[in-house]
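Read the figures in this text as sums done on the coordinates, not as results from a lab. This structure is a prediction, so every number in the text was calculated from the model and none was measured. Cβ coordinates were reconstructed from backbone atoms using ideal geometry, including for glycine residues, and neighbour counts include every protein chain displayed.
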Amino acid sequence: MKTTVDLPPRRSIYQSAYASRPKQAFTLVELLVVIAILSILAALLLPALQQAMTSVRMAACSNNLKQIGIVLTLYADDYDRRLMPPTGYAPGNTNGWVGQERRWTGIINPYFDMNWNDRWNLPYSMKCPSYKGTSAYYYGLNYNFSRKLDVIPAKGMTRSIMVGDTSGSFYLFPNRWTKPYHFRHLGDEQNEGTLNGLHGDGHVEGHDKSSGKIFTPHETCPLLNPFK
Ligand SMILES: [Zn+2]
């Protein structure tokens, strides 16, 4: 006589493990909890990330200024120890030492392997990364450095800004243009931050508005007058 045994229906391991669960993957509450956790993490991390990016931009700007300093030294070696001639709109000198009107930014172009005939601007790669404007005037030359290197006292070289962050001007010249200086690093949206400055001895240093009394006339401001 043939005996039959009733076996339960076959189920896979997967079916056994999850058969008792509802088919919904996760509940609305679980979803909201995940969203809340992600929001908290983003709120915690974003300010730190923004601060890090601000520091990175300041470092990149310092690197640009250091490179400009090297190029200015190369230029002085080639041109009788003179720094940039005060061409362009600088007062008191229309021709500088090159016989034609040029901005200092255009004069050092060949040292960046750019075309000499580009009379005006630094290469775009040298743009200050924190400069939001569209003009090419993001760095300005201190007009007081537009003379022979051995005329400028060594003490003045160290403490005075030779090239710095500007906005709407390619010269550091007080009270001549509406915004000759731009304190755009490490600050808030109102530009109440730090101005990056290449000093005459080649070091780059940040200055806030209070540190150097930079808005005083250049005759009395050591940061802008190497002879004071
Ligand atoms: Zn800058």
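What length, rounded to one decimal in nm, is gained on full extension from Ile40 through to Lys209, with 0.36 nm per residue of separation minus their alpha-carbon distance? If you can, show how the numbers build up before the last one.
Details: separation 169, 0.36 × 169 = 60.84 nm, distance 3.57 nm.
Full-extension gain reported as 57.3 nm.
For a Förster distance of 30 Å, can you work out the FRET efficiency between the beta-carbons of Gln51 and Ser125, rounded to the nearest 0.05?
0.75
Sorting check: for 66-79, 192-205, 29-42, 150-163, which peptide has the highest mean count of neighbouring beta carbons within 10 Å, and how do the rest follow?
Highest-to-lowest ranking by the protection proxy: 192-205, 150-163, 66-79, 29-42.
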